[in-house]
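> Quick one: structure below, then a few questions.
The values are calculated or read from the model by the stated rules, or taken from the named source; none is laboratory data. From a predicted model like this one, the values you see are computed outputs, not experimental measurements. Reconstructed Cβ throughout: ideal geometry from the backbone, glycine too, with neighbour counts over all protein chains shown.
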Amino acid sequence: MTTYKSETDTLATLCKKQGSAWKTINPEYATRMRLQNRFRTGVEIAQFTADIMREDMAAYDADTSQYTQSLGCWHGFTAQQMMMAIKRHQKTTKRSYVYLSGWMVAALRSEFGPLPDQSMHEKTSVPALIEEIYTFLKQADARELDHLFNDLDAAKANGGDVQAVLDKIDNFETHVVPIIADIDAGFGNEEATYLLAKKMIEAGACAIQIENQVSDAKQCGHQAGKVTVPHEDFLAKINAVRYAFLELGIDNGIIVARTDSLGASLTQKVPVSQTPGDLASQYNAFLETTPINGVEDLNEGDTAMKLNGQLCKPTRLDNGLFQFREGTEKDRVVLDCVTSLQSGADLLWIETEKPHVKQIAELVNRVKEQVPDAKLVYNNSPSFNWTLKFREQVYQEWQEAGRDLSAYPSLGDNKGLMAPEMDATELAVAADLLVQNFQRDGAREAGIFHHLITLPTYHTAALSTDILSEGYFGDLGMLAYVRDVQRQEIRREQASVKHQDLAGSNIGDTHKEYFSGDNALKAGGEDNTMNQF
């Protein structure tokens, strides 16, 4: 293990070897700069975080209470603040990741302006955001270590416990954590998928999530019009991502295979079957078809196929897409999951229409019949009305149990079930408890290794800005900021209240001292208003 002292000794030897030419270089200062820049490349980060994820996956296999979590971040600053908050409150960053959502890249980071989640944004914006997030996380490390180095200097000057500070430095836990990054449907064919995956890994991504929708017709997982691809096309893209990992030396990179089949009723392509019962045959068996008894049953341009020994034609819509049979959704999900895991994927993502542990467990348990160690990444999506869905769930459970529900709005009265006066009722309290325990229950009962919220910082930015704007431009004036923002930052001991320090001002002053000695012109000092905090 490299320690502060061993690194300083190494650099002292190097400086001595250089003689008088390096007489102004302080080995201890150089050590500090090295420790503040532990990760030199994105590939180093990808390897470091891939190792973390693999350890976490093994820990979850042994104990399902050891599930992991993340929040979606659309800017490096939001990711930095999230990880700083986790470390401050939980005293560790273990089992905490960052999620990078293609939805938020489209809505908030595209040069075209706000876009829907349809893979219309620039593909380069995805690796650019990964790099930005890690830049901010590394800066959080540099800032916290800078404070520890100041503590070390103070301990040396004042006869304090130097070893205690050195122990904190040597055992410093980084803010750099795994990113699960959304590559949508690959932004093109398998070569395009490989090229983008490579850029994402080079930026630091250790886990890439890819979905089985058609790339040029991609839709948000919680909207209509989703079109899936045959397994052969999807597996080619999984292979492309794996080759990108291997090319860059990340032999244990993680691939998250997402299926949208639960809410997708269309396919763009009828695959060609090579042998009876192969994947193409299984995919085509889900199609809605009409029997063909003769040529007279075919219209101009119709497609004919043979399924289970019978001639038929698949139902083709006016837009050229083919329709799946209603009721095949769950079977398609299971086949998607099993096929992906048996062909190189590491984790699954099943996009659902509601957050219901029993529904998720039903699907995952069917997958586990064929792949016992199957694990899920689950989207705790803001597209769900969590309050309504869990109040409906409790209502239905109580109704089935024969409880008296006459005091409550009827099922289907969404406005009534969502009313503020419902909040304190027994039903609402029971629903909130289910929400609170959803992740624990899902990890234990439905094989969910990783829980994430895709778009939380989109909503927190909107909500906090709305609240501040209402008060500031209303009767509260400046009190809206002082009471509801700054005072809260102070009392929560958030680093952001000292925004100059958080942005790197003190690190800059430290470097000026390294480079210029007593001639350094520093921004800190008695006149710096940050001292008020």
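> Could you please give the count of residues in region 256-279 that are surrounded by fewer than 23 Cβ atoms within 10 Å (Cβ to Cβ) and touching an Asp or Glu at 6+ places or on another chain (Cβ under 7 Å)?
4
> Still on this structure, please answer the following. For region 275-285, does any single residue satisfy the condition of being closer than 24 Å to GLU232 by Cα, in contact (Cβ under 8 Å) with a residue 40 or more places away in the chain, part of a strand (DSSP E or B) and under 34 Å from the mean Cα position of the chain (by Cα)?
No, every residue in region 275-285 fails to be closer than 24 Å to GLU232 by Cα, in contact (Cβ under 8 Å) with a residue 40 or more places away in the chain, part of a strand (DSSP E or B) and under 34 Å from the mean Cα position of the chain (by Cα).
> Would you please name the residue that is farthest from ALA181 (Cα to Cα), looking only at residues in region 372-419 that are buried (at least 16 other Cβ atoms within 10 Å of the Cβ) and of a type in the set (A, V, I, L, M)?
Top of the filtered list is LEU417.
> Given the options ASP501, ASP518, name the one that is more than 25 Å from GLN139 (Cα to Cα), modelled with pLDDT under 90 and not β-branched (Val, Ile, Thr).
Going through ASP501, ASP518 in turn, just one is more than 25 Å from GLN139 (Cα to Cα), modelled with pLDDT under 90 and not β-branched (Val, Ile, Thr): ASP518.
> Mind listing whichever residues of region 477-510 are within 20 Å of ARG32 (Cβ to Cβ), in a helix (DSSP H, G or I) and in contact (Cβ under 8 Å) with a residue 40 or more places away in the chain?
Matches in region 477-510: ALA495, ASP501, LEU502, ASN506, ILE507, THR510.
> Look through region 1-25, keep the residues that are under 41 Å from the mean Cα position of the chain (by Cα) and polar (S, T, N, Q), and return whichever of them is nearest to LYS156 (Cα to Cα).
Looking at the filtered set, the residue picked out is THR8.
> Six or more apart or on different chains, Cβ under 8 Å: which pairs go from a residue in region 13-37 that's in contact (Cβ under 8 Å) with a residue 12 or more places away in the chain to one that's crowded, with 17+ Cβ neighbours inside 10 Å and not in a helix (DSSP H, G or I)? Could you list them?
If the second residue must be crowded, with 17+ Cβ neighbours inside 10 Å and not in a helix (DSSP H, G or I), no pairs are left.
> Then there is this: Filter region 239-250 down to the residues that are under 20 Å from the mean Cα position of the chain (by Cα), within 15 Å of GLU191 (Cβ to Cβ) and surrounded by fewer than 22 Cβ atoms within 10 Å (Cβ to Cβ) and list them by number.
ARG242
> Cβ-Cβ under 9 Å, sequence separation 6+ or interchain: first residue in region 296-321 and in contact (Cβ under 8 Å) with a residue 24 or more places away in the chain and surrounded by fewer than 15 Cβ atoms within 10 Å (Cβ to Cβ), partner basic (Lys, Arg) and assigned to a strand (DSSP E or B). Which pairs?
THR303/LYS313; THR303/ARG316
> Please give the number of the condition GLU296 fails out of (1) in contact with a Gly (Cβ under 7 Å, 6 or more places away or on another chain); (2) part of a helix (DSSP H, G or I).
(1)
> From the list ASP432, ASP466, pick out the single residue that is charged (D, E, K, R), surrounded by 16 or more Cβ atoms within 10 Å (Cβ to Cβ) and within 28 Å of the chain's Cα centre (by Cα).
ASP432
> Within region 141-251, which helices (runs of 4 or more DSSP H) (wholly inside it) include 3 or more residues that are under 19 Å from ALA345 (Cβ atoms) and in contact with a helix residue (DSSP H, G or I) (Cβ under 7 Å, 6 or more places away or on another chain)?
190-203, 231-247
> Return yes or no: is LEU479 surrounded by 12 or more Cβ atoms within 10 Å (Cβ to Cβ), modelled with pLDDT of 85 or more and over 26 Å from ILE86 (Cβ atoms)?
Yes, satisfied.
> Still on this structure, I have one more. Which condition does ASN365 not pass, out of (1) polar (S, T, N, Q); (2) more than 30 Å from ASN252 (Cα to Cα); (3) in contact (Cβ under 8 Å) with a residue 40 or more places away in the chain, if it passes all the others?
Single failed check for ASN365: (2).
> Something else about it: For MET1, are the conditions met, namely being closer than 25 Å to LYS198 by Cβ and either part of a loop (DSSP other than H, G, I, E, B) or in contact (Cβ under 8 Å) with a residue 60 or more places away in the chain (or both)?
No: the conditions fail for MET1.
> Hey, LEU411 hits all of (1) assigned to a helix (DSSP H, G or I); (2) over 30 Å from ALA345 (Cα atoms) but one; which does it fall short on?
Single failed check for LEU411: (1).
> Here is a further query. May I ask you to say which residue of THR2, THR13, THR41, THR64 is surrounded by fewer than 19 Cβ atoms within 10 Å (Cβ to Cβ), touching a Lys or Arg at 6+ places or on another chain (Cβ under 7 Å) and of a type outside the set (Asp, Glu)?
Only one candidate passes the filter, namely THR64.
> Could you check region 44-89 and list, in sequence order, the residues that are part of a loop (DSSP other than H, G, I, E, B) and within 20 Å of GLN439 (Cα to Cα)?
Those that are part of a loop (DSSP other than H, G, I, E, B) and within 20 Å of GLN439 (Cα to Cα): ASP63, THR64, SER65, GLN66, TYR67, CYS73.
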